[in-house]
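The values are calculated or read from the model by the stated rules, or taken from the named source; none is laboratory data. Bear in mind that the values here come from a model prediction, so they are computed numbers and not experimental data. Cβ sites come from the backbone with ideal geometry, for glycine too, and all protein chains shown count toward neighbours.
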Amino acid sequence: LVSRLPRVGTTIFTTMSQLALEHQAINLSQGFPDFDGPQELLDRVGFYIHEGANQYAPMSGVPLLRRAIADKLRRCYGREADLEREITVTSGATEALFAAIAAVVSPGDEVIVFDPAYDSYEPAIELNGGRAIHLPLLPPEFRINWEAVAAAITPRTRMIILNSPHNPTGQVLHADDITALQALVEGTELLILADEVYEHIVFDQQQHLSLNRFPDLAARSFIVSSFGKTYHVTGWKVGYCVAPASLTAEFRKVHQYLTFSTSTPMQLALGDFLLANPEHDQQLPDFYAEKRDLFNGLLQHSSFIFSPSAGTYFQLMDYAAISDLPDTEFVQWLIREAGVAAIPLSVFYQQPPEHLRWVRFCFAKGANTLQQAAERLRAL
Ligand code: PMP
Ligand code: GLN
């Protein structure tokens, strides 16, 4: 059998979570909260299941949830999205990313991705016959070099994939990035896929610069988010894609035959909860900043070097003062010696910069877990 994805193995997230389990280590590797979503949200799922809302949802998503998403887009970003023609509910952001790529990438097309890149982008591009063009974000800032982007564009460039807040670096797009992006795409046919799953986890009074805020960019973008991150329910796998009607029409052709629709009771519960609790997403920055600051505060005088994450529930740390092992070996050593699981950074690069000595910790955990983990890390 000739593999369609010869370079793909088991994802680092599965690998590290399994290792953490085997060694009974504190698992700060794969990104997921160790606490539940709001009780009221969980209760609504049970309610809808017992109400008999157990058959297929409409292909584009239940109207209640699409209305709640439209409401959120207006409230947070001032965007008026047409819920009939521009919003599609998907089975997690992962499905939305795949469907957007499959909808517009043809064999031979090039798609620009920034490394370290979330690991589902490239396989989706490759399976559709496209080619990922990797541009590196370099430590310690991990900012986009827009001149390099301009230089990488060819007549085959179809799309640019952006991720802000950025996993795994915790970096966010700044106003000057938006200006550069606007100048770059103006007058071109370039499309944008904006992965904004951590849209509500942005720290230090910064505004999340969602592409939803910029009509000229939104007009050429698939903007993807995930309820898993915002409502602490990563296992529900409900996300959505907002795109102009012409792009959404193509997106839905793929979605229709990829999953057709997404779990009905989850969608209804999320729709109710969003409409009744618009303040939830506004409280998320403080909720996660407290965790970030607890974890970072305890590691302030450790041998790890870092600057506080600007967004997401991940903190990147430089371990060069602790070990000279390459990061994929360091994370194994860390599990054995310290009993803490982390994610190595190099696996998200096509060509990792030399001597990359960074690991990613997930701080979406209870205070006791973060304290215990930090104590072990401080001892290194
Ligand atoms: N994009 C990024 C950057 C992510 O971190 C994640 C979550 N791991 C996803 C997409 C996928 O989200 P979902 O779990 O909703 O499919
Ligand atoms: N997005 C999560 C992370 O970055 C993992 C998702 C997955 O396991 N596929 O850790």
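Miscellaneous remarks
- Near pairs, Cβ below 6 angstrom, 6+ apart or cross-chain, from the stretch 62-79 (assigned by TED's automatic domain parsing to the domain that holds Ser225) to any residue that is of a type in the set (Ser, Thr, Tyr): Ile69/Tyr240; Tyr77/Ser210
- Evaluation of Glu86 against the conditions (1) more than 16 Å from ligand 1 (Cβ to nearest atom); (2) in contact with an Asp or Glu (Cβ under 8 Å, 6 or more places away or on another chain) shows that the sole unmet condition is (2).
- Test: residue in the stretch 18-25 that is buried (at least 19 other Cβ atoms within 10 Å of the Cβ), outside the structural domain of Phe142 (by TED's automatic domain parsing) and within 16 Å of ligand 2 (Cβ to nearest atom): yes
- Condition check for Gln30: outside the structural domain of Phe142 (by TED's automatic domain parsing) and more than 16 Å from ligand 1 (Cβ to nearest atom): no
- Single residue of Asn145, Asn167, Asn128 found to be under 22 Å from Pro308 (Cβ atoms) and polar (S, T, N, Q): Asn167
- Here the condition is being within 18 Å of Ala310 (Cβ to Cβ) and either modelled with pLDDT of 95 or more or within 16 Å of ligand 2 (Cβ to nearest atom) (or both); of Ile178, Ile192, Ile223, it holds for Ile178 alone.
- Residue that is nearest to ligand 2 (Cβ to nearest atom), among those in the stretch 159-174 that are of a type in the set (S, T, N, Q) and under 16 Å from Tyr121 (Cα atoms): Asn167
- Once the stretch 84-95 is narrowed to residues that are out of contact with any Leu (no Cβ under 9 Å at 6 or more places or on another chain) and away from ligand 2 (no atom under 13 Å from the Cβ), the residue that is farthest from Leu162 (Cα to Cα) is Glu84.
- Close Cβ contacts (under 7 Å, 6 or more residues apart or on different chains) running from residues in the stretch 204-215 that are over 14 Å from Pro165 (Cβ atoms) and assigned by TED's automatic domain parsing to the domain that holds Ala194 to residues that are surrounded by 13 or more Cβ atoms within 10 Å (Cβ to Cβ) and among the charged types (D, E, K, R) comprise Asn212/Arg79.
- Residue check, Tyr288 within 23 Å of Gln30 (Cα to Cα) and in contact with a strand residue (DSSP E or B) (Cβ under 6 Å, 6 or more places away or on another chain): no
- If only residues of the stretch 120-167 that are surrounded by 18 or more Cβ atoms within 10 Å (Cβ to Cβ) and charged (D, E, K, R) are counted, the one that is nearest to ligand 1 (Cβ to nearest atom) is Glu122.
- With respect to being farther than 21 Å from Asp177 by Cα, among the hydrophobic types (A, V, I, L, M, F, W, C) and away from ligand 1 (no atom under 16 Å from the Cβ), Ala100 falls outside the description.
- Considering the stretch 259-366, the qualifying helices (runs of 4 or more DSSP H), each wholly inside and each with 2 or more residues that are among the hydrophobic types (A, V, I, L, M, F, W, C) and more than 30 Å from Ala53 (Cβ to Cβ), run over 279-298, 327-338.
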